[in-house]
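Trainee: Next up is a structure, given as structure tokens.
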Amino acid sequence: AAFVLQPDRQYRIRIKTSDGEEYLSEYTKVKNSPDNKITWSRDPDGLRVRVSTEDKTNQTKYYQWQYEETWEIRSFKPSEFVAQQTRPYVTVQARNPSQIPLLFNCWRTEGSPFVLIASTAGLSGDFVNNFNLSFIPNGSDKLVVRFSMLLKQYALSREAYDYFLLM
């Protein structure tokens, strides 16, 4: 179930395996993530999506991003027939005309395929400028009709950042 973390409390993860082993993380404080700004630009080879963020309190230092892309796909030609398995044959029949418009559009959703992290620990300020999130090449189905990206930004502890860096 979803729950809201309280910023004045510390939390840890407890993992119990099916064979009775138990693993506990160290306690850690909740870190609030600063606002971000998503931008995109056209390159000769496609579309680049970037994120920028800044923590003016200089407290975040370690960031992670995850995104979900959703895009619409439209058929080039309507599906007027339907194939049905009728053992030992396959029968092809005309589709109900009221179903044809429903099969013309569909949607696809994919998550970010990479671990996306950045650190500002070695910088004079706590800001990330134009971090590359995604590149969509020219000719991709993603850019033909409609495209949407839902971005989640997380403020990490140093230990979490080091863990994701190893991944």
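The values are calculated or read from the model by the stated rules, or taken from the named source; none is laboratory data. Being a predicted model, the structure only gives us computed values, none of them experimental. Don't worry about glycine lacking a Cβ; one is built from the backbone with ideal geometry, like all the others, and counts go over all protein chains shown. These accessible areas exclude ligands, DNA and RNA; they are computed on the full protein's heavy atoms, side chains included. Shrake-Rupley method; radii C 1.70, N 1.55, O 1.52, S 1.80 Å.
Trainee: Please list, or write none, the lysines whose alpha carbon is within less than 30 Å of the alpha carbon of Lys31, excluding same-chain residues fewer than 8 places away.
Mentor: Lys16, Lys56, Lys61, Lys152
Trainee: Place a +1 charge on the Cβ of each Lys and Arg in the range 27-167 and a -1 charge on the Cβ of each Asp and Glu, then give the dipole magnitude about the Cα centre in debye, rounded to the nearest 20. Spell out each step's value before the answer.
Mentor: Working: 17 positive and 14 negative charges, 58 e Å.
The calculated dipole for the range 27-167 is roughly 280 debye.
Trainee: Ignoring ligands, DNA and RNA, what percent of the 1.4 Å accessible area of the chain is carbon and sulfur? Intermediate values should be presented prior to the final figure.
Mentor: Numbers: 6510 of 12570 Å².
Looking at the chain in its full context, I get 52 percent from C and S.
Trainee: Next question, about the same structure. Give the ranking of Val51, Val144 by solvent-accessible surface, highest area first, calculated with a 1.4 Å probe. Write down the numbers at each step before the final one.
Mentor: Working: Val51 0, Val144 105 Å².
The most accessible residue leads, giving Val144, Val51.
Trainee: In the range 1-90, what GluC sites (Glu not before Pro) fall in a loop by DSSP, with at most 12 other Cβ atoms inside 10 Å? Write down the numbers at each step before the final one.
Mentor: Values: sites: Glu21, Glu22, Glu26, Glu54, Glu68, Glu69, Glu72, Glu80; in loops: Glu21, Glu26, Glu80.
Filter output for the range 1-90: Glu21, Glu26, Glu80.
Trainee: Modelling each spin label as a point 7 Å along the Cα-to-Cβ direction, I'd like the Thr57/Asn96 distance in nm, to one decimal.
Mentor: 5.7 nm
Trainee: In what sequence, largest accessible area first, do Met167, Met149 appear using a 1.4 Å probe?
Mentor: Details: Met167 130, Met149 40 Å².
Correct descending sequence by accessible area is Met167, Met149.
Trainee: When only the heavy atoms of the protein chains count and the probe is 1.4 Å, how do Trp107, Trp40, Trp71 rank by accessible area, highest first?
Mentor: Details: Trp107 145, Trp40 175, Trp71 10 Å².
If we order Trp107, Trp40, Trp71 from most to least accessible, we get Trp40, Trp107, Trp71.
Trainee: Would you mind getting the accessible area per residue of the chain, heavy atoms of the protein chains only, 1.4 Å probe, in Å²? Could you put the intermediate results ahead of the total?
Mentor: Values: 12570 Å² over 167 residues.
Per-residue accessible area for the chain comes out at 75 Å².
Trainee: As a check on your grasp of the helix formula, calculate [θ] at 222 nm for the chain: sum -39500 (n - 2.57) over DSSP H runs of n ≥ 4, divide by the residue count, round to the nearest 500. Please report the intermediate quantities before stating the final value.
Mentor: Working: 1 runs with 9 residues, N = 167.
That calculation yields -1500 deg cm²/dmol at 222 nm.
Trainee: Next question, about the same structure. Out of the trypsin sites (Lys or Arg not before Pro) in the range 3-38, which ones are loop residues according to DSSP with at most 15 other C-beta atoms within 10 Å?
Mentor: On the way: sites: Arg9, Arg12, Arg14, Lys16, Lys29, Lys31, Lys37; in loops: Arg9, Arg12, Lys31.
Hits after loop and neighbour filter: Arg9, Arg12.
Trainee: A further question follows. For the range 30-116, what is the largest minus smallest coordinate of the Cα atoms on each principal axis, given in angstrom and ordered from greatest to least?
Mentor: Computed over the Cα atoms, the extents are 68, 34, 24 Å.
Trainee: What accessible surface, in Å², does a 1.4 Å probe find on Tyr161, ignoring ligands, DNA and RNA and rounding to the nearest 10?
Mentor: Here the residue's solvent-accessible area equals roughly 30 Å².
Trainee: Quick one: 3J(HN,Hα) in Hz for the range 71-84, Karplus 6.51/-1.76/1.60 with θ = phi - 60°, rounded, Gly and Pro as x.
Mentor: With coefficients 6.51, -1.76 and 1.60, one gets 9, 8, 10, 10, 5, 6, 9, x, 8, 8, 10, 10, 9, 10 Hz.
Trainee: Match the structure shown to one of the listed values (1) 0.95; (2) 1.04; (3) 1.15 of Rg/Rh (Cα atoms, Kirkwood Rh), computed from it, and give that label.
Mentor: It is the value labelled (3).
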